[in-house]
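Quick note: the coordinates plus some simple rules give every number you see, no bench work behind them. Quick caveat: nothing in here was measured; it's all calculated off a predicted structure. Every residue, glycine among them, receives a Cβ derived from its backbone with ideal geometry; neighbour counts consider all protein chains shown.
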Amino acid sequence: MNFKGVFIQYKKWFFLVALSIIWGSSFILIKKSLTGLEPLQLGALRLLFSGAMILFFGARLIRNISKKQWPWVMWSAILGTFFPSFLFAIAETEIDSAVASILNGLVPLNTILFGFAIFKIGSTKRQLIGVLVGFVGTALLIGYGAQFNPQQNYYYAGFIILSTLMYAANINIIKKHLQEMTALTIAAGNFILLMIPACIILVVSGFFENDTYRSDAVLTSMGYVIILSLFGTALAKVLFNQLVQMSTPVFASSVTYLMPLVAVLWATLDGETFYMEQGIAAIFILLGVYMSNRKK
């Protein structure tokens with residue numbers, strides 16, 4: 001079988017691995033971007049750069065979105081892109097990028113909870129036990145992090161947890177209400193709604209005052225934001241929407257299995273210290289995800 005045949009047969013696995021590498025690298029890029037930018041500036045620039053790329057390729061597809069679909073596209077934009085772009089940036093002003101990536105592993109567990117509680121998707125006892133195990137790991141990770149890094153404010157981990165809840169809601173929205181739309185159409189609809197709010201936030205943040213945007217530190221940070229936007233947001237957004245459509249919500253959210261490995265590697269290379277106890281807590285979270293996804 002040639003490469004094309006293999007790709008078609010295992011397409012969802014190719015997407016899963018690619019997203020793991022892209023998103024696993026996003027956390028260190030956020031950290032590097034914050035050296036010269038404020039969290040609101042980072043989030044706004046990320047939305048603007050990503051939106052420009054998505055709309056360049058997909059603006060023509062917006063006309064395919066029906067009036068009935070626009071409310072769900074709006075909610076997908078708000079929950080799946082807008083708020084998380086700012087919340088992750090705010091969180092990483094206080095906690096390590098490696099910890100942020102592991103906490104992001106709550107997405108599959110929250111996907112199950114949202115599917116069960118809001119979208120009436122059935123859950124098994126094993127899945128609910130997996131959710132419980134995952135949240136035990138979360139508590140341990142935050143507790144150990146606060147113990148080993150007293151100079152960091154681990155209340156900011158709550159911003160990551162809130163983002164995972166939003167991601168989980170978005171996954172269920174795409175699967176239940178936007179299944180018939182192409183991934184690029186959804187992304188284009190998302191960003192056409194977010195560009196103006198992003199511009200307003202960038203202005204309000206003081207980005208253009210006193211030629212702040214001309215400093216070397218800001219220009220370097222913007223370089224990281226461009227990489228983060230083009231790959232970690234724009235390209236990944238399309239790939240992820242397509243992955244959700246070709247698989248199940250839980251399989252799509254399982255990208256978090258591999259993401260922490262990539263993120264921890266980058267964090268270690270950048271000088272962050274990752275303790276054994278935190279590794280054990282991470283295993284609890286991933287074990288919970290595994291139990292929740294495991295077939296009978």
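The table below gives the values:
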| read-out | value |
| --- | --- |
| Förster-model FRET efficiency, 30 Å R0, F14 and V136, C-beta, rounded to 0.05 | 0.35 |
| Cα gyration tensor of region 73-229 - equivalent ellipsoid semi-axes, whole Å, descending | 30, 25, 10 |
| Under the Karplus curve 6.51 cos²θ - 1.76 cosθ + 1.60, θ = phi - 60°, whole-Hz ³J(HN,Hα) for region 262-279, x wherever Gly or Pro sits | 5, 5, 5, 4, 4, 5, 5, 5, 8, x, 6, 9, 10, 7, 4, 4, 5, x |
| Under 10 Å, Cβ to Cβ, from T248 - net charge with Lys/Arg +1 and Asp/Glu -1 | +2 |
| Mean separation of Cα contacts under 8 Å, 6 or more apart, over the residue count of region 1-114: relative contact order % | 41 |
| Simple spin-label estimate for T35 and Y290 in nanometres, 7 Å along Cα-Cβ | 3.6 |
| For region 169-261: relative contact order, % (alpha-carbon pairs under 8 angstrom, 6 or more apart) | 54 |
| P(r) tail fraction, the chain - alpha-carbon pairs more than 28 Å apart, % | 36 |
| Gain upon complete extension [E180, V203; 0.36 nm per residue less C-alpha separation] | 4.6 nm |
| Exposure proxy ranking, count of Cβ atoms within 10 Å, fewest first, for E209, E272 | E209, E272 |
| By average C-beta atoms within 10 angstrom, highest first, the peptides 14-21, 55-62 | 14-21, 55-62 |
| Per-residue Cβ neighbour rank within 10 angstrom, fewest leading, K67, K32 | K67, K32 |
| Whole-Hz ³J(HN,Hα) from phi, Karplus 6.51 cos²θ - 1.76 cosθ + 1.60, for region 24-30, glycine and proline x | x, 7, 5, 5, 6, 5, 4 |
| Relative contact order (percent, whole number), region 24-293, Cα cutoff 8 Å, 6+ residue spacing | 42 |
